[in-house]
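Enquirer: Can you read through this structure? Questions will come right after.
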């Protein structure tokens, strides 16, 4: 499995760099966004890029990796903006002054998915109980193992269940794909295994009959998945297109951008793959859910503390 994971990872990285270099326009403005495979695999970014180009004449280009890798590329100045779902890593990123002007734009939920016969008997249990049963029965589990937002959440859930991921990696039943969400789902389906998935990618792959996996444990505070956007600090990388990154952030939090997020997937799959978060937080439309988001993804009672706003205070009015 580990050898296979290395091959998959290599192919994925090559594919993404081909996308960026060969797919880049020969002329005109472009904005490079380091982002997550869950957003990329869902298809949302394609729709977003098309609409953004129609509105502004700017080509969006995406470096789609796990959140941890995307933030590392952003630190090196390989992207103008970053769109991720790993609050713990985002907090570190802000504290390093690597980026700022952070806005929470969307949410959905993670889910523990697996074979319909559910050999570990986890259906309708809590996330921690589900993982405990999987470990007890030694049912096959596929971890992303890539320091992505999904992988970080998985590690925290395993820890809450009494297991450390470093120890689990030595177990024969615990596999690591080292790959994005789509590839991990394909491997889990092929092996009749369990995995933690974001609902956006899962619903798309299931609707396209690419996987044979069932949602067994879903939703709830412990499985909340929050997406945020940040601009890269121009003081660290003056060559980056900071003003366009800010315009991109404004687009995502605008009524138009939030509508795009909320309507994506409805026609194809019967319901949204992601849910807009801006008005939910601003107007406290669902107090319980809004509080979950604040507890999960706010830092010092703010989506972006004052010192990290990079002069973009109007984003928080």
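Enquirer: One residue is enough: does the stretch 41-56 have a residue meeting the conditions in a helix (DSSP H, G or I), modelled with pLDDT under 95 and closer than 23 Å to residue 185 by Cα?
Expert: Checked the stretch 41-56: at least one residue is in a helix (DSSP H, G or I), modelled with pLDDT under 95 and closer than 23 Å to residue 185 by Cα.
Enquirer: Of the residues 169, 161, 165, which is closer than 21 Å to residue 121 by Cα, surrounded by fewer than 23 Cβ atoms within 10 Å (Cβ to Cβ) and more than 19 Å from the chain's Cα centre (by Cα)?
Expert: Details: 169 fails: closer than 21 Å to residue 121 by Cα; 165 fails: closer than 21 Å to residue 121 by Cα.
Unique residue meeting the criteria: 161.
Enquirer: Then there's this: Kindly indicate whether any position in the stretch 191-202 is out of contact with any helix residue (DSSP H, G or I) (no Cβ under 9 Å at 6 or more places or on another chain), modelled with pLDDT of 95 or more and not in a loop (DSSP other than H, G, I, E, B).
Expert: Yes; the residues of the stretch 191-202 include at least one that is out of contact with any helix residue (DSSP H, G or I) (no Cβ under 9 Å at 6 or more places or on another chain), modelled with pLDDT of 95 or more and not in a loop (DSSP other than H, G, I, E, B).
Enquirer: Going residue by residue through the stretch 187-200, is there one that turns out to be free of Cβ contacts under 8 Å to residues at least 60 places away in the same chain, surrounded by fewer than 20 Cβ atoms within 10 Å (Cβ to Cβ) and either over 20 Å from the mean Cα position of the chain (by Cα) or within 30 Å of residue 307 (Cβ to Cβ) (or both)?
Expert: Yes, the stretch 187-200 has at least one match.
Enquirer: Inside the stretch 110-139, can you point out the residues that are crowded, with 18+ Cβ neighbours inside 10 Å and either touching a residue at least 40 places away in the same chain (Cβ under 8 Å) or part of a strand (DSSP E or B) (or both)?
Expert: 110, 111, 112, 113, 114, 115, 120, 122, 127, 130, 134, 139
Enquirer: Among the residues of the stretch 76-88 satisfying the criterion of being surrounded by fewer than 20 Cβ atoms within 10 Å (Cβ to Cβ) and touching a residue at least 60 places away in the same chain (Cβ under 8 Å), which is nearest to residue 35 (Cα to Cα)? Break it down stepwise before answering.
Expert: So the first thing to find is which residues in the stretch 76-88 are surrounded by fewer than 20 Cβ atoms within 10 Å (Cβ to Cβ), and the list is 76-78, 88.
Now restrict to residues that are touching a residue at least 60 places away in the same chain (Cβ under 8 Å): 77, 88.
Numbers: 77: 14, 88: 16 Å.
Filtering the stretch 76-88 for residues that are surrounded by fewer than 20 Cβ atoms within 10 Å (Cβ to Cβ) and touching a residue at least 60 places away in the same chain (Cβ under 8 Å), the one nearest to residue 35 (Cα to Cα) comes out as 77.
Enquirer: Could you go through the stretch 144-160 and let me know if any residue there is in a loop (DSSP other than H, G, I, E, B) and farther than 22 Å from residue 90 by Cβ. Full working, then the answer.
Expert: First, the residues of the stretch 144-160 that are in a loop (DSSP other than H, G, I, E, B): 144-148.
Right, trim to farther than 22 Å from residue 90 by Cβ and you get none.
No, there is no match, as no residue in the stretch 144-160 is in a loop (DSSP other than H, G, I, E, B) and farther than 22 Å from residue 90 by Cβ.
Enquirer: While we're here: Go through the stretch 248-298 and give me each residue that's loosely packed, with under 12 Cβ neighbours inside 10 Å, under 19 Å from the mean Cα position of the chain (by Cα) and at positive phi.
Expert: None - no residue of the stretch 248-298 is loosely packed, with under 12 Cβ neighbours inside 10 Å, under 19 Å from the mean Cα position of the chain (by Cα) and at positive phi, so the list stays empty.
Enquirer: Looking at 148, 143 in this structure, which one is at pLDDT below 95 and touching a helix residue (DSSP H, G or I) at 6+ places or on another chain (Cβ under 7 Å)? I'd like the intermediate steps shown before the answer.
Expert: Working: 143 fails: at pLDDT below 95.
Of 148, 143, the one residue that is at pLDDT below 95 and touching a helix residue (DSSP H, G or I) at 6+ places or on another chain (Cβ under 7 Å) is 148.
Enquirer: If you go through the stretch 205-221, how many residues are surrounded by fewer than 20 Cβ atoms within 10 Å (Cβ to Cβ), part of a loop (DSSP other than H, G, I, E, B) and in contact (Cβ under 8 Å) with a residue 12 or more places away in the chain?
Expert: 4
Enquirer: Same structure, new question: Of all residues in the stretch 301-317, how many are without any contact (Cβ under 8 Å) to a residue 60 or more places away in the chain and in a helix (DSSP H, G or I)?
Expert: Counting residues in the stretch 301-317 that are without any contact (Cβ under 8 Å) to a residue 60 or more places away in the chain and in a helix (DSSP H, G or I) gives 5.
Enquirer: Follow-up. Could you please find all residues in the stretch 57-68 being in a helix (DSSP H, G or I) and touching a strand residue (DSSP E or B) at 6+ places or on another chain (Cβ under 8 Å)? Show your work before the answer.
Expert: Filtering the stretch 57-68 down to residues in a helix (DSSP H, G or I) leaves 67-68.
Once the filter is applied, which keeps residues that are in a helix (DSSP H, G or I) and touching a strand residue (DSSP E or B) at 6+ places or on another chain (Cβ under 8 Å), the stretch 57-68 yields only 67.
The values are calculated or read from the model by the stated rules, or taken from the named source; none is laboratory data. It should be emphasised that the depicted structure is a prediction, and the values quoted were computed from it without experimental measurement. Methodologically, a virtual Cβ is constructed for each residue, glycine included, from the backbone with ideal geometry; neighbour enumeration extends over all protein chains shown.
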